[in-house]
Each structure stands twice: as structure tokens, then as C-alpha cells.
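The structure appears right after this line, and notes come after that.
The values are calculated or read from the model by the stated rules, or taken from the named source; none is laboratory data. Here the structure is a predicted model, which is why all the values come from computation and not from measurement. With ideal geometry, Cβ positions are generated from the backbone for all residues, glycine too; neighbour counts draw on all protein chains shown. Side chains are part of the model used for accessible areas, which takes the heavy atoms of the whole protein and leaves out ligands, DNA and RNA. Shrake-Rupley method; radii C 1.70, N 1.55, O 1.52, S 1.80 Å.
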Amino acid sequence: MKELLFPFDSKNILRKRRAIRKQLLSDGSARIKKKIAVLGGSTTNDVVSAMELFLLNFGIEPVFYQSEYNKFYEDAVFGSEALDSFRPDIIYIHTTSRNLTMIPESPSETSEQIQQRLDSQFDYFKQIWISLSQKFSCPIIQNNFELPLFRHSGNYDGWSYSGTGAFINRLNVMFSDYARNNNGFYINDINYLSSVVGLTKWHDTEAWFLYKYAVRAEVIPDLAYSVACIIKSVYGKNQKVIDLDLDNTLWGGVIGDDGQEGIEIGVETAVGQSFSEFQTFLKGYKNYGVLLAVCSKNDEENALLGLNHPSGVLKPDDFVSIKANWNSKDLNIEQSANEIGLLAESFVFVDDNPAECSIVNAQLPNVPTVNLTSVSEAMYILSRSGFFEITSVSKDDLHRSEMYSANAKRNAQQKSFANYTDYLLSLDMNASITDFLPVYLQRITQLTNKSNQFNVTTRRYSESEMREVAESPDHIRLCGQLADKFGNNGIVSVVIGRCENRTLHIELWLMSCRVLKRNMEFAMLDELVKKCRKRGIKKIVGYYYKTTKNNMVAELFGTFGFTPVSKSDNGDSVWSMDVDSYSGKNYVIKINEKEFNYE
């Protein structure tokens with residue numbers, strides 16, 4: 001819904017939230033359902049109301065638990081029957097600097113006394129986190145702290161031992177250190193958020209006294225949106241590609257008219273510097289695993305000439321797809337998506353021409369667009385939009401661009417083969433299929449929350465839940481990596497089965513979209529059957545739970561040779577196979593013959 005995309009009108013959202021909620025719930029979208037506990041140190045009703053709208057728009061249907069006012073510590077540490085029975089999937093601790101109780105009171109206190117205050121304040125929150133983690137084993141989101149609007153000593157407050165600002169800044173660093181060293185714990189950075197909207201707009205003393213609102217009402221949607229972006233990232237709802245126009249988007253001027261020497265990029269002019277900064281900004285996204293693509297109405301020769309400008313930061317090799325032609329841009333986006341193996345809704349389109357953005361909006365309504373009216377505004381929208389909110393960075397993420405570029409090369413090579421099997425053999429594929437190893441758990445968890453098309457049960461796991469599965473003697477687990485002559489795809493397939501007597505029940509079977517139609521599913525099945533035979537398993541039962549995105553695997557078990565057991569009216573189905581009657585199906589991938597270094 002356009003009203004909920006950044007930059008949004010906060011007052012409009014607050015005014016029309018009931019109508020917006022009704023429209024979202026009636027739009028027929030398929031959403032994952034999640035239980036979210038909000039433990040608040042201030043009034044949270046409006047935060048929850050706004051958060052619900054953003055989550056619904058992100059494809060997540062939330063059910064909320066809210067602690068009583070300022071009972072976040074009691075609920076977490078001493079327990080609550082209501083919270084225990086709620087069993088949250090994720091917990092958000094909504095505290096602000098209003099809830100800090102150990103702030104220094106006098107400049108006469110020694111540095112040692114103030115350090116004791118700081119340690120006590122941190123331990124207070126750490127006790128909350130540990131208690132919740134041990135009880136619920138789910139992701140936790142914790143606000144850090146905003147600076148106060150008022151200060152006693154001017155600038156001295158920000159750097160003296162006794163300064164409130166200095167105390168809060170040091171505490172925020174301690175929170176960050178904890179987050180870096182504890183998986184599944186995330187910081188909602190209200191220190192940044194309050195700064196970017198302005199402390200005078202963030203604080204509302206009267207609203208605190210009257211209603212115990214810790215933030216001004218008009219910035220509540222900004223706060224809720226920030227938390228919602230973290231939640232959608234945890235559950236794999238991010239965009240993956242920035243698709244960019246060229247002329248007056250990556251450089252100043254029109255390459256077809258001005259030539260390479262006439263476009264503005266580099267330090268010689270103010271305009272050129274701005275576009276250089278924009279390209280550097282985009283390169284930063286690529287370094288975090290976001291893919292870059294080109295979608296430009298241009299002759300390809302001219303487009304490449306512009307991208308090879310001596311002062312350019314981004315070069316042709318930085319892009320997984322370059323579409324420079326005179327076709328409609330929505331068609332180019334769809335073609336790029338098909339070639340690299342993603343859905344079009346994974347793209348964000350950036351163009352200086354509002355008409356082109358409008359056409360893409362009309363033809364591809366699930367593709368967000370950014371109309372570049374200025375470089376600074378485009379950078380601000382991309383950075384605040386949450387399109388690419390990061391909650392973890394795996395080694396796979398750092399090499400994502402190379403992986404998808406190699407995928408495009410594979411697709412190009414396929415066109416030179418008349419026989420598909422010959423094409424697969426030409427790739428010289430090698431797979432490493434193993435049990436879960438600790439070093440892989442982060443990427444495995446990430447896959448369960450991102451893979452939608454090739455995912456028969458669409459079950460989602462937190463990292464703590466995945467760790468429990470990895471240690472369970474009642475489960476058979478497979479983790480598959482795939483490499484070929486074009487490069488290593490990393491971890492691309494995960495299978496989890498639960499043993500019950502002599503039957504294995506498939507709880508999860510997924511594969512990354514970038515290795516579809518490569519016979520990796522058959523390689524995984526062959527290895528699964530081997531594991532079953534070693535464990536004395538006689539039957540495998542497979543389950544397919546239909547969603548709007550996983551129709552491509554509706555008959556997966558049928559292609560494996562399973563027999564249908566039942567099929568529900570909603571499209572769900574159950575399948576079974578006798579292990580002893582199975583014969584291998586993988587003939588094109590070499591298994592465990594090559595040593596993999598997962599970098």
C-alpha cells in the first residue's frame with residue numbers, strides 16, 4: 001500500500017489507521033502469522049496499532065501481547081501467566097530514556113561511582129534479555145536510548161562523567177556490544193531515529209505527563225516503522241535488488257547526446273561529485289549483499305560507455321543484470337528477475353523520470369519505486385525505507401552479487417545446448433551435502449526465512465530454534481552446498497525430517513531459487529534416503545502446505561516418486577514413499593567429491 005511506504009504522512013496514518021487496516025485485511029494477500037510481545041516502559045497502544053499496519057503491508061499478520069504500563073521488567077524476570085501462554089515468536093522491548101533509573105545525579109560523584117551506575121543499569125536490562133531468551137528462545141528487539149531535550153551543563157553534558165548525554169551514549173555502546181555478541185538480539189536505534197526527526201519533534205513533555213507517551217504522537221509511525229522493518233528482515237521479507245536508470249540517475253547528462261566526455265561524474269563539478277557520492281552509496285549496498293541492476297532506455301553500447309567512465313565508481317561488473325534497450329522498463333525488470341532467478345517484487349526501481357516510475361507502479365504494483373529528484377533525497381529514501389534492513393550478515397551475503405552474476409552466465413550458456421541434460425553435465429556441478437554444522441546455522445536460518453517459492457512447508461525458524469533442531473537426536477538434517485565451473489553458490493538447500501518409530505516426517509524442504517532446475521533436489525533426496533536407511537527408517541512422509549508463492553513445488557513429492565495419501569480442498573497434500581523401493585535420481589551432480597570452503 002503506497003500510503004505505508006516511506007516517506008509516509010504520519011498524521012494521515014494516525015488519522016486513517018482503522019480504514020487502512022480494514023483495506024489491508026481485505027486485500028486477499030497471503031501473510032505469515034506471528035505473535036509479537038510488546039513489553040513497554042510507556043504507553044504502547046498507538047505504537048502497536050501503527051506497527052500492525054506496516055507489518056500487514058510487509059506480508060506479516062501480527063497478533064500482539066502488551067504488558068501493562070511500565071511492567072516490562074516484571075513480565076520478563078518474574079513471569080506472567082498471560083505472556084507465558086501467549087508464547088511469542090518475537091519480543092519487542094519498548095523502553096526509552098524515561099525508563100533509565102541510574103542516571104548520575106550530581107557532578108560530585110566520582111568516575112568509579114558513575115561506572116557502578118552504568119554497570120547496574122546495563123545489568124538491569126541484561127537480566128531482562130537473559131530471562132526472556134531462556135524462557136522463549138525467540139528473537140528480541142530492544143530500543144537503545146535517545147538523548148534528552150534538556151541539559152544542565154550545555155556541551156559539557158555530552159562528554160563529562162556526570163553528564164546525562166554522556167551516560168546514555170556509553171550505555172548505548174554497551175547495548176551494541178551485547179547485540180554483536182548475541183545472535184537473535186537486535187537493537188532498534190531510536191538514538192538515530194530521534195536525531196533524524198529532531199529531538200524537539202521527538203519529545204513531548206506534556207504527552208508524558210498526561211498519557212505516559214514517551215514520544216510525540218506524530219513520530220509514533222516512524223518508531224513503529226523502524227521496528228516493523230527489523231521484524232520483516234528477521235522473517236526474510238526484504239527486497240534484494242536496486243534496479244537503476246542511468247542518465248541523470250547514475251550520472252549527470254544523457255550519454256547518448258553528450259558522449260562519455262560530456263556526462264558529469266567525478267570531482268570536477270558539484271553535480272559530478274553528487275553522482276559520485278550516489279554511486280559510492282550504492283556500492284555500499286552491494287558490499288552488504290544487495291544486488292545492483294541497470295534498467296535504462298539507451299543503446300547498450302552507450303550504457304557501457306557511461307559505466308566505464310574513468311571517474312565512475314560503479315563498473316559493469318558491479319551489476320548482475322544490465323538492460324539497456326528501448327523496451328518498456330517494467331518488461332525489463334521482469335526479464336532481469338527471470339534471468340537471475342528472483343521474483344520481480346524483490347526489486348526496487350530508481351529513476352529520475354516520474355513517468356517511468358508511474359508506469360512501473362501501474363504494471364508492477366509490488367515493485368517499490370524511488371523517483372530521483374535529487375541525489376540526497378534518493379539516498380535518504382533508500383536508507384530510511386527499510387527495503388534492505390539488515391539483521392545479520394552471512395558470508396553468503398558478502399558474495400551474493402558474484403553468485404547471481406554467475407547465475408546469469410549459466411542461463412546464457414543454457415541457450416547453446418539443445419539437450420538440457422547435456423547442459424547440466426557441462427556445468428561440472430559438485431555438491432557438499434552434510435549434517436548441520438555450527439558455522440552454517442546462521443545461513444540455514446536465513447534461508448528458512450527467505451525461501452518461499454521452493455519451500456514445501458514454508459516453516460520459519462529462529463536461530464535458537466534451528467540450534468535445537470541441530471542438536472536433536474530425533475531429527476535427520478541435510479544442508480546442501482552447490483558449486484560449478486562458474487562459482488560456488490554457497491548453501492542452497494535445507495531438509496529437516498523428524499523420526500517417529502520407523503517413519504521420517506518432512507518438516508522442512510527448501511531450496512534457493514538461484515539453483516532451480518539444476519537437479520539439486522534429487523541430489524538431496526538421494527542423500528536423505530541414505531541417511532534413512534542407516535537409521536532404519538522404512539517410510540518417508542512428505543507434506544505440502546499451499547501458499548500463494550510455492551505452487552511450483554505442489555507436485556514435488558510426486559516427481560520424487562512418492563504416492564499421494566491425501567489432498568485437502570485448500571491445496572495442502574500429504575505424500576509417502578517406501579525407502580526400500582527407492583532408486584537414485586541424481587545423475588548430473590557429483591556428491592562430496594570436492595572439499596568446500598564456505599567463504
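Cβ separations smaller than 7 Å between residues 6+ apart or across chains give the following pairs from the stretch 550-567 residues that are at pLDDT 90 or above to residues that are aliphatic (A, V, I, L, M) and part of a helix (DSSP H, G or I): Phe560/Leu525. In the set Ser464, Ser493, only one residue is hydroxyl-bearing (Ser, Thr, Tyr), surrounded by fewer than 21 Cβ atoms within 10 Å (Cβ to Cβ) and either modelled with pLDDT under 95 or in a strand (DSSP E or B) (or both); that residue is Ser464. For the stretch 46-80, filtered to residues that are over 29 Å from the mean Cα position of the chain (by Cα) and small (Gly, Ala, Ser), the residue that is nearest to Asp123 (Cα to Cα) is Gly79. Being of a type in the set (Ser, Thr, Tyr) and either within 33 Å of the chain's Cα centre (by Cα) or open to solvent by less than 30 Å² (accessible area, probe 1.4 Å) (or both) is the filter here, so list the residues in the stretch 152-161 that pass it. Across the stretch 152-161, the qualifying residue is only Ser160. Of the helices (runs of 4 or more DSSP H) lying entirely inside the stretch 123-211, those containing at least 2 residues that are farther than 25 Å from Pro221 by Cα are 164-180. Considering only residues in the stretch 17-47 that are without any contact (Cβ under 8 Å) to a residue 40 or more places away in the chain, closer than 21 Å to Ser385 by Cα and assigned to a helix (DSSP H, G or I), the one that is most open to solvent (accessible area, probe 1.4 Å) turns out to be Arg21.
Scan the stretch 339-352 for residues that are in a strand (DSSP E or B) and either under 21 Å from Glu402 (Cβ atoms) or of a type in the set (Gly, Ala, Ser) (or both) and report the count. Walk me through it before giving the result.
To start, the set of residues in the stretch 339-352 that are in a strand (DSSP E or B) comprises 347-351.
Retained after the next criterion (residues that are either under 21 Å from Glu402 (Cβ atoms) or of a type in the set (Gly, Ala, Ser) (or both)): 347-348.
Residues in the stretch 339-352 being in a strand (DSSP E or B) and either under 21 Å from Glu402 (Cβ atoms) or of a type in the set (Gly, Ala, Ser) (or both): 2 in total.
Applying the selection to the stretch 125-151, what residues are surrounded by fewer than 19 Cβ atoms within 10 Å (Cβ to Cβ) and either under 30 Å from the mean Cα position of the chain (by Cα) or free of Cβ contacts under 8 Å to residues at least 12 places away in the same chain (or both)? Result: Lys126, Gln127, Ile130, Ser131, Ser133, Gln134, Lys135, Ser137, Phe150. Once the stretch 308-338 is narrowed to residues that are charged (D, E, K, R) and in a helix (DSSP H, G or I), the residue that is most open to solvent (accessible area, probe 1.4 Å) is Asp317. When each of Phe64, Phe72 is tested for being crowded, with 16+ Cβ neighbours inside 10 Å, within 19 Å of Asn143 (Cβ to Cβ), in contact with a His (Cβ under 8 Å, 6 or more places away or on another chain) and in contact (Cβ under 8 Å) with a residue 24 or more places away in the chain, the lone residue that passes is Phe72. Every test in (1) open to solvent by less than 50 Å² (accessible area, probe 1.4 Å); (2) among the aromatic types (Phe, Trp, Tyr); (3) at pLDDT below 95 is passed by Tyr211 save one, and that test is (1). Kindly evaluate Arg87 against the criterion of being among the charged types (D, E, K, R) and within 30 Å of Gly163 (Cβ to Cβ). For Arg87, the condition - among the charged types (D, E, K, R) and within 30 Å of Gly163 (Cβ to Cβ) - is not met.
Specify the residue that is modelled with the highest pLDDT; the eligible residues are those in the stretch 75-93 that are open to solvent by less than 60 Å² (accessible area, probe 1.4 Å) and among the hydroxyl-bearing types (Ser, Thr, Tyr). So, considering only residues that are open to solvent by less than 60 Å² (accessible area, probe 1.4 Å) and among the hydroxyl-bearing types (Ser, Thr, Tyr), the one modelled with the highest pLDDT is Tyr92. If you check Tyr543, Tyr582, which single one turns out to be open to solvent by 30 Å² or more (accessible area, probe 1.4 Å), aromatic (Phe, Trp, Tyr) and out of contact with any Gly (no Cβ under 6 Å at 6 or more places or on another chain)? Answer to the check: Tyr543.
Restricting the first member to the stretch 107-123 and to residues that are acidic (Asp, Glu), and the second to residues that are open to solvent by less than 60 Å² (accessible area, probe 1.4 Å), the beta-carbon pairs closer than 7 Å and six or more apart or on different chains are Glu109/Ser162.
Among the residues of the stretch 477-489, some residue qualifies, meaning at least one is at pLDDT below 95, out of contact with any Asp or Glu (no Cβ under 9 Å at 6 or more places or on another chain) and assigned to a loop (DSSP other than H, G, I, E, B). Scanning the stretch 236-289 for residues that are open to solvent by 40 Å² or more (accessible area, probe 1.4 Å), in a helix (DSSP H, G or I) and touching a strand residue (DSSP E or B) at 6+ places or on another chain (Cβ under 6 Å) yields a count of 1. In the set (1) crowded, with 18+ Cβ neighbours inside 10 Å; (2) within 22 Å of the chain's Cα centre (by Cα), the condition left unmet by Val439 is number (1).
Is there any pair linking a residue in the stretch 260-287 that is on the phi > 0 side of the Ramachandran plot to one that is of a type outside the set (Val, Ile, Thr) and part of a loop (DSSP other than H, G, I, E, B), with Cβ under 6 Å and at least six apart or on different chains, and which? If the second residue must be of a type outside the set (Val, Ile, Thr) and part of a loop (DSSP other than H, G, I, E, B), the pairs left are Gly266/Ser311.
Of all residue pairs spaced 6 or more apart or on separate chains, those with beta-carbon atoms under 7 Å, a first member in the stretch 208-228 that is under 14 Å from Ser10 (Cβ atoms) and small (Gly, Ala, Ser) and a second member that is open to solvent by 40 Å² or more (accessible area, probe 1.4 Å) and outside any loop (DSSP other than H, G, I, E, B) are Ala217/Leu14. Selection of the stretch 80-117 for residues being under 24 Å from Ser137 (Cα atoms) and part of a helix (DSSP H, G or I) yields Glu81, Ala82, Leu83, Asp84, Ser85, Phe86.
Return yes when Asn371 is under 28 Å from Thr249 (Cα atoms), open to solvent by less than 60 Å² (accessible area, probe 1.4 Å) and either more than 16 Å from the chain's Cα centre (by Cα) or at pLDDT below 85 (or both) and no when it is not. When the stated conditions are applied, Asn371 passes them.
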